[in-house]
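Peer 1: Dropping the structure in here first, questions after.
The values are calculated or read from the model by the stated rules, or taken from the named source; none is laboratory data. Only a predicted model underlies this, so the values are computations on that prediction, with no experimental measurement involved. Here the Cβ is made from the backbone with ideal geometry for all residues, glycine too, and neighbour counts use every protein chain on show.
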Amino acid sequence: MRFLKIFYNGKIITLSDSISNATAFATWKDRFFAVGSDSYIKNLATGINENFESIDLCGRTVVPGFIESHNHLSMYATQLLQVDCSCTANQSIDKIKNSIADKTKNIKHDEWVRGFGYDDTMISDKRHLTKMDLDDAAPNHPVYIQHISAHFAYANSKALEIAGIDKNTAQPEGAEIQKDANGEPTGVLIELSAMRLVNRHIPAYSGDQIKNGIIQASEHYNQHGITSIHDGAIGFEGQGSEIVKCYGDLESQGKLSIRVYMTMVEELFCNFFNNGMKTGFGSNVLKLGSVKAFQDGSIQIFTAAVNEPYHSRPDLTGELVIPQKRLDSMIDRYHSAGCQIAIHANGDRAIESVLQAFDKAHKKSPDKKNRHMIIHCQMASDEQIERMRKLDIVPNFFVNHIYYWGDRHTSLFLGPKRTSRLDPLNSALKSGLKFCLHSDLPVTPINPIFSIHTAVNRISRNGETLGAEQRIPPIEALKAYTINPAYCSFEENEKGSIEPGKLADFAVLSENPLEIDPHHISNISVLATVLGGDFVFNRLP
């Protein structure tokens, strides 16, 4: 193995304040060793050791490895074993029922059938699944299907029976078991507390299944130039301890092709916290990250907490998940202990609740610099953004909504005015606030280049430009997928830019996103991905 490698004849977007116009760099083991011109790097390498590996970039562009700062890799890893109920794979409920029926042919009698990705607003039937639909497809199996938002689920009669859910079941806090006019459950489960009444009865995946899924999922991420992730809610679907163990096993075996910052639901994080571990504990491959909490649901299922009623549902404004006093107490506990918090808040009312709690905690412990994150943060006002800046809170925007749901936000959920303001990236940029972008996979596909394209252009599925004033330059969108998320995990001195001493994580692109027509950014492809100086994906000639 050659420890010294040089990459030359490229266009290097370093994102470094001190290095520009570079065409080459050298790596030594897992770190960048030097960055500069072709002649400088070649002469330097020759002077050190003539036995070095040399890679011609052929004029292609190199960027720091993409950091997916909010996604659910471990959830996606197990979904690879489930029925794909997305509208991409199925145009109708009948097609989904056929897919579920096909699944039952290959499993044991009474074994659970799980599925993911259903979207009631995209399916041709334009409605939610019901227990009757699922009973028709699998009368002898319990069935549990997760909505694309991950804040809704559907269960058939056998699944409801196993969970003990009937007309007399009380509504869980902050959630709803939907019932018909006779009080009977319809099979629709709204928000996490209701979903957990059923999914806690589903048999666990084996460690080998989880590990194989993580390996397969990581390879998919590598193909999109991703070298680091924040796994956004480990424990959300249970098996949190097993997932952490699987990550640890893969790291010790040298089988992780991605760096993982483990964000955990509070119940799981608390186990580590009570044993003296905090945010940042671990290695540069696997690290304990944030405490994850939820303060509202999803805009596209009308459960995000908003100030003004929904556009097509004037009777709804959504609900806060955690009572304010309890939220204040939880945030104060972890903030004062020096732990980072990543809290899900889509609607403006939920964002306000979260900011009030952070403000109270900061006043009690002003010396703590925890770089808390508000996940999704889609409806933040300018006033809320300014408060985030003062508190050093990082909004992690879900800009993919503009493309995937923007047209329906306009016509169904928020109306034109609020939709044009959704994911206010330029407002955050003008305020001087650091921010990130993410895919929330499996909610939307993993593809940083497409997310960057959407942040720059804000074009919907129907070709409409939604909120042109909130578009940002390509360089800022690129930072939101590299150096800014490195800042979120307190690793800006380790990764996020191409500089000597930092981890040699980078991606080779077919075109330069800073020079190409902005409307063509989504056409850029990833040709290679390098993690710690070694190729984890390579399509270079």
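Peer 1: Given the options Val143, Val113, name the one that is modelled with pLDDT of 95 or more and closer than 30 Å to Phe413 by Cα.
Peer 2: Among Val143, Val113, only Val143 is modelled with pLDDT of 95 or more and closer than 30 Å to Phe413 by Cα.
Peer 1: Looking at the range 456-482 only, could you name the residues that are on the phi < 0 side of the Ramachandran plot and part of a loop (DSSP other than H, G, I, E, B)?
Peer 2: Across the range 456-482, the qualifying residues are Ser460, Arg461, Asn462, Glu464, Leu466, Arg471, Ile472, Pro473, Ala480, Tyr481, Thr482.
Peer 1: Continuing with this model, one more query. So which strands (runs of 3 or more DSSP E) are wholly in the range 145-232 and hold at least 3 residues that are under 27 Å from Ala304 (Cβ atoms) and hydrophobic (A, V, I, L, M, F, W, C)?
Peer 2: Hits in the range 145-232: 152-155, 185-190.
Peer 1: Any residue in the range 492-518 that's in contact (Cβ under 8 Å) with a residue 24 or more places away in the chain: show its pairings with residues that are among the acidic types (Asp, Glu) at Cβ separation under 7 Å, as long as the two are six or more apart or on different chains.
Peer 2: Lys495/Asp505; Lys502/Glu494; Leu503/Asp30; Leu503/Glu494; Ala504/Asp30
Peer 1: Condition test on Met264, is it of a type in the set (A, V, I, L, M, F, W, C) and closer than 26 Å to Val443 by Cα?
Peer 2: Here the answer is yes, as Met264 does meet what is asked.
Peer 1: Hey, can you tell me all the residues within the range 460-475 that are more than 20 Å from Ser431 (Cβ to Cβ) and of a type in the set (A, V, I, L, M, F, W, C)?
Peer 2: Scanning the range 460-475 gives a single hit, Leu466.
Peer 1: Could you tell me whether the range 312-321 includes any residue that is surrounded by fewer than 20 Cβ atoms within 10 Å (Cβ to Cβ), touching a Cys at 6+ places or on another chain (Cβ under 6 Å) and either under 22 Å from Ser381 (Cβ atoms) or at pLDDT 95 or above (or both)?
Peer 2: no
Peer 1: Go through (1) in a loop (DSSP other than H, G, I, E, B); (2) under 30 Å from Ser37 (Cα atoms) for Asn106 and report which single condition fails.
Peer 2: (2)
Peer 1: When you scan the range 128-167, how many residues do you find that are surrounded by fewer than 24 Cβ atoms within 10 Å (Cβ to Cβ), over 16 Å from Lys97 (Cβ atoms) and in contact with a Phe, Trp or Tyr (Cβ under 7 Å, 6 or more places away or on another chain)?
Peer 2: 0
Peer 1: Something else about it: I need a count of the residues in the range 365-396 that are surrounded by fewer than 21 Cβ atoms within 10 Å (Cβ to Cβ) and either without any contact (Cβ under 8 Å) to a residue 24 or more places away in the chain or assigned to a loop (DSSP other than H, G, I, E, B) (or both).
Peer 2: Of the residues in that region, 10 qualify.
Peer 1: Scanning the range 118-140 for residues that are β-branched (Val, Ile, Thr) and at pLDDT below 95, which turns out farthest from Ala293 (Cα to Cα)?
Peer 2: Filtering the range 118-140 for residues that are β-branched (Val, Ile, Thr) and at pLDDT below 95, the one farthest from Ala293 (Cα to Cα) comes out as Ile123.
Peer 1: Kindly list the number of the only condition in (1) without any contact (Cβ under 8 Å) to a residue 60 or more places away in the chain; (2) over 21 Å from the mean Cα position of the chain (by Cα) that fails for Leu412.
Peer 2: It is condition (1) that Leu412 fails.
Peer 1: Please go through the range 458-473 and pick out each residue that is crowded, with 20+ Cβ neighbours inside 10 Å and out of contact with any strand residue (DSSP E or B) (no Cβ under 9 Å at 6 or more places or on another chain).
Peer 2: Ser460, Gly467, Gln470, Ile472
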